[in-house]
Amino acid sequence: MAELESLETAAEHERILREIESTDTACIGPTLRSVYDGEEHGRFMEKLEARIRNHDREIEKMCNFHYQGFVDSITELLKVRGEAQKLKNQVTDTNRKLQNEGKELMVAMEELKQCRLQQRNISATVDKLTLCLPVLEMYSKLREQMKSKRHYPALKTLEHLEHTYLPRVSHYRFCKAMVDNIPRLRDEIRDVSMSDLKDFLESIRKHSDKIGETAMKQAQQQRNLDNIVSQHPRISGGKKSKKEFSASSELEVKNTSPMSEQDSGILDVEDEDEDEEVPGAQDLVDFSPVYRCLHIYSVLGARETFESYYRKQRRKQARLVLQPPSNMHETLDGYRKYFNQIVGFFVVEDHILHTTQGLVNRAYIDELWEMALSKTVAALRTHSSYCSDPGLVLDLKNLIVLFADTLQGYGFPVNQLFDMLLEIQDQYSETLLKKWAGVFRNILDSDNYSPIPVSDEEVYKKIVGQFPFQDAELEKQPFPKKFPFSEFVPKVYGQIKEFIYACLKFSEDLHLSSTEVDDMIRKSTNLLLTRTLSNSLQNVIKRKNVGLTELVQIIINTTHLEKSCKFLEEFITNITNVLPETVHTTKLYGTTTFKDARHAAEEEIYTNLNQKIDQFLQLADYDWTAPEPGSRASDYLVDLIGFLRSTFAVFTHLP
């Protein structure tokens, strides 16, 4: 058993020795540890020493076998060492020379290194400046635009700067300062543009009358042009229509130069002669402040705020414009200035409506116009009631028609104005009646109440041309001769025609039909005959100092005026082109007027005769108790008979 263990141990030691011989030195640790873990390391050491001695003997044998070669090798090595020393000296010398020669190169290389570093830094700087310069240029451009008050381009530049250029260089401190300054610049642009808008609003408020005056001149020119075209239809092809004429005056605001952007309101326009072409009303106004402010607020996202502010301010201005001056009724210029301001206001609003998208809308304009129309009509009703001059009322009517036509040309409904003119027509008729009452009074007071003497054919034709009188017997009589009526007959007849003409003037341009004009003239003429002329005749007849001769002449005169009524009917028919047979045509009541005057004169004659007879009888000293009649008539009765004879001789001239 002991021998078996000894053999196993010997085999194990042999294996370990082989591992030690064949294993790398770094991995020999586990092998040696297996030796020390066992109990036979002493025997292993003996085994190891024996193996070492065997290897030494082998090495010695090998060295003895190769000794001569070893000696030869050593000899060669000694020779090589000498050559190596020489080579070393040469290399050292060469290195020294190389070092000496390379110092300048090293200096140049160092300089090159510094240059390359500087070049790299410069290139990096150029790249950074290339990014920064556009930012600085845009910011400089922004400041220049702000300085020159080009606010809308400045806002566009600010938007580009904020969203395009600054994000590229946002890590620089100056860019952060710019970013922090952008809200302040934006507020400054908004405030300055709002200031320009306020200046514009104030300017157009002050110059509304100039704008309106120009617009009304333009409308007057167009109306004159329409009249010319209607009278000469052949040349109408070369004329502009009203719409084209208005469109030609539309202002296209495209100028964005600094000078134009500083304008805020009314452009200077010299007064022009009536024969020259009147510039369009919009041509007087530079609307660029409104457009710029609208664009700026739109870009800033505050368009609704701007629209609200603009409408609020214009509504306030509308109330100021619509408030008439207290003395407006005194002169036509007062009315003209009032109308000019209203027209100017709505011309501006109409232009804003058509050149901006939504700043004002049709509903807003209609609301303003309804307010303006109601206030204007109320003001005209009040102030026109103070007018007692028919000439002023007629001029006012023409001015109102021009006012209405001007605004109608811009699309505003004006039916209420024409309805109000019909009310003013009644007032105009009253002022005419008052004026003609004075005219008739002067004619009747200045008349001599004696037949008109005619000395020659020229005077005769003149009288017949003034009054429609035909008498074959009178025409056959030689000159000198007399008309049966006095001078007030042709004068009154002529004044009635003048009254009709005055009524016709008011009906012009009121867009009335011929029947309506005819009816209006006939009603006014009836009032003239039945009220004004009738009262004048009655006053003359009832005067205390009127004589029987005058009363007889009045009867004769009214008879001839009564006959002339049919000629007045024809006269009205000729100027209105409405036949008397037309349904609803009003008839003239002149016949009744003159009959009533004649009856009043006859009654006055009867009254005066009775009074004269009573006076004769009262003056006579009769003996009412005489027993016998006298031998001859009383002198008072003789005088009475003579008075009656002369009086009835006057009555022979009566029809």
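The values are calculated or read from the model by the stated rules, or taken from the named source; none is laboratory data. Nothing here was measured: the structure is a model prediction, and the numbers come from that model. Cβ: placed from backbone, ideal geometry, glycine included. Neighbour counts: every protein chain shown. Only protein heavy atoms, including side chains, enter the accessible area calculation; ligands, DNA and RNA are left aside. Shrake-Rupley method; radii C 1.70, N 1.55, O 1.52, S 1.80 Å.
Of everything in the stretch 358-383, what is assigned to a helix (DSSP H, G or I), among the hydrophobic types (A, V, I, L, M, F, W, C) and open to solvent by less than 60 Å² (accessible area, probe 1.4 Å)? Give them in sequence order. I365, L368, W369, M371, A372, L373, V377, A378, A379, L380, listed by residue number. Residues in the stretch 302-330 that are open to solvent by 70 Å² or more (accessible area, probe 1.4 Å) and either within 17 Å of I342 (Cβ to Cβ) or assigned to a loop (DSSP other than H, G, I, E, B) (or both): 6 in all.
Within the stretch 31-55, residues that are open to solvent by 50 Å² or more (accessible area, probe 1.4 Å) have Cβ atoms under 8 Å from residues that are in a helix (DSSP H, G or I) and not hydrophobic (A, V, I, L, M, F, W, C) in these pairs: E40/T9; E40/H13; R43/T9; R43/H13; K47/H13; K47/E14, counting only partners at least 6 apart in sequence or on another chain.
Kindly indicate which of E58, E21 is surrounded by 10 or more Cβ atoms within 10 Å (Cβ to Cβ), of a type outside the set (V, I, T) and assigned to a helix (DSSP H, G or I). Steps first, answer last, please.
Numbers: E21 fails: surrounded by 10 or more Cβ atoms within 10 Å (Cβ to Cβ).
Sole residue among the options that is surrounded by 10 or more Cβ atoms within 10 Å (Cβ to Cβ), of a type outside the set (V, I, T) and assigned to a helix (DSSP H, G or I): E58.
Could we say that R190 is assigned by the TED database to the domain that holds L294 and more than 18 Å from H295 (Cα to Cα) here? Answer is no for this residue. The number of residues in the stretch 138-156 that are open to solvent by 10 Å² or more (accessible area, probe 1.4 Å) and either farther than 16 Å from I189 by Cα or of a type outside the set (G, A, S) (or both) comes to 13. Of note, V464 does not satisfy the criterion of being among the hydrophobic types (A, V, I, L, M, F, W, C) and touching a helix residue (DSSP H, G or I) at 6+ places or on another chain (Cβ under 7 Å). Any chance the stretch 467-477 includes a residue that's out of contact with any Phe, Trp or Tyr (no Cβ under 6 Å at 6 or more places or on another chain), under 25 Å from F594 (Cα atoms), open to solvent by less than 50 Å² (accessible area, probe 1.4 Å) and not aromatic (F, W, Y)? Within the stretch 467-477 (the criterion being out of contact with any Phe, Trp or Tyr (no Cβ under 6 Å at 6 or more places or on another chain), under 25 Å from F594 (Cα atoms), open to solvent by less than 50 Å² (accessible area, probe 1.4 Å) and not aromatic (F, W, Y)), the answer is yes, since at least one residue qualifies.
Results for (1) farther than 27 Å from L548 by Cα; (2) touching a Phe, Trp or Tyr at 6+ places or on another chain (Cβ under 9 Å); (3) of a type in the set (D, E, K, R); (4) part of a helix (DSSP H, G or I), shown as yes or no for each residue.
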site	(1), (2), (3), (4)
Q425	yes, yes, no, yes
Y428	yes, yes, no, yes
L433	yes, yes, no, yes
W436	no, yes, no, yes
Y449	no, yes, no, no
Y460	yes, yes, no, yes
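Within the stretch 207-224, track down each residue that is open to solvent by 40 Å² or more (accessible area, probe 1.4 Å) and in contact (Cβ under 8 Å) with a residue 60 or more places away in the chain. H207, D209, K210, E213, K217, Q220, R223 - these are the residues of the stretch 207-224 that are open to solvent by 40 Å² or more (accessible area, probe 1.4 Å) and in contact (Cβ under 8 Å) with a residue 60 or more places away in the chain. Among the residues of the stretch 384-398, those identified as under 25 Å from L320 (Cβ atoms) and either surrounded by fewer than 19 Cβ atoms within 10 Å (Cβ to Cβ) or in contact with a Gly (Cβ under 8 Å, 6 or more places away or on another chain) (or both) are S385, Y386.
Every residue, every condition in (1) under 26 Å from A601 (Cα atoms); (2) among the hydroxyl-bearing types (S, T, Y); (3) in contact with a Ser or Thr (Cβ under 9 Å, 6 or more places away or on another chain), yes or no:
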site: P480; (1), (2), (3): no, no, yes
site: S486; (1), (2), (3): yes, yes, yes
site: L512; (1), (2), (3): no, no, no
site: T532; (1), (2), (3): yes, yes, no
site: L548; (1), (2), (3): yes, no, yes
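Answer yes or no as to whether N327 is under 13 Å from the mean Cα position of the chain (by Cα) and either over 22 Å from K505 (Cα atoms) or at pLDDT 90 or above (or both).
On the way: under 13 Å from the mean Cα position of the chain (by Cα): no; either over 22 Å from K505 (Cα atoms) or at pLDDT 90 or above (or both): yes.
No, not satisfied.
When A502 is tested against (1) part of a helix (DSSP H, G or I); (2) touching a residue at least 60 places away in the same chain (Cβ under 8 Å); (3) among the small types (G, A, S); (4) under 24 Å from Q553 (Cβ atoms), just one condition goes unmet, and that condition is (4).
I'm trying to understand the selection: among the residues of the stretch 161-184, which are closer than 14 Å to V299 by Cα and surrounded by 15 or more Cβ atoms within 10 Å (Cβ to Cβ)? Reasoning before the result, please.
Initial filter on the stretch 161-184 (closer than 14 Å to V299 by Cα): 162-163, 183.
Correct list: E162 only.
Just one of (1) within 58 Å of the chain's Cα centre (by Cα); (2) part of a helix (DSSP H, G or I) fails for G82. It is (1).
Would you be able to tell me the number of residues in the stretch 146-198 that are outside any helix (DSSP H, G or I), polar (S, T, N, Q) and over 37 Å from the mean Cα position of the chain (by Cα)? First the steps, then the outcome.
Within the stretch 146-198, the first condition is being outside any helix (DSSP H, G or I), and the residues that meet it are 148-150, 170-172.
Now narrow it down to the ones that are polar (S, T, N, Q): 148, 170.
Okay, now just the ones that are also over 37 Å from the mean Cα position of the chain (by Cα), so 170.
The number of residues fulfilling the criteria is 1.
The residues on offer are T530, T525, and the sole one that is part of a helix (DSSP H, G or I), within 19 Å of F567 (Cβ to Cβ), open to solvent by 50 Å² or more (accessible area, probe 1.4 Å) and among the polar types (S, T, N, Q) is T530.
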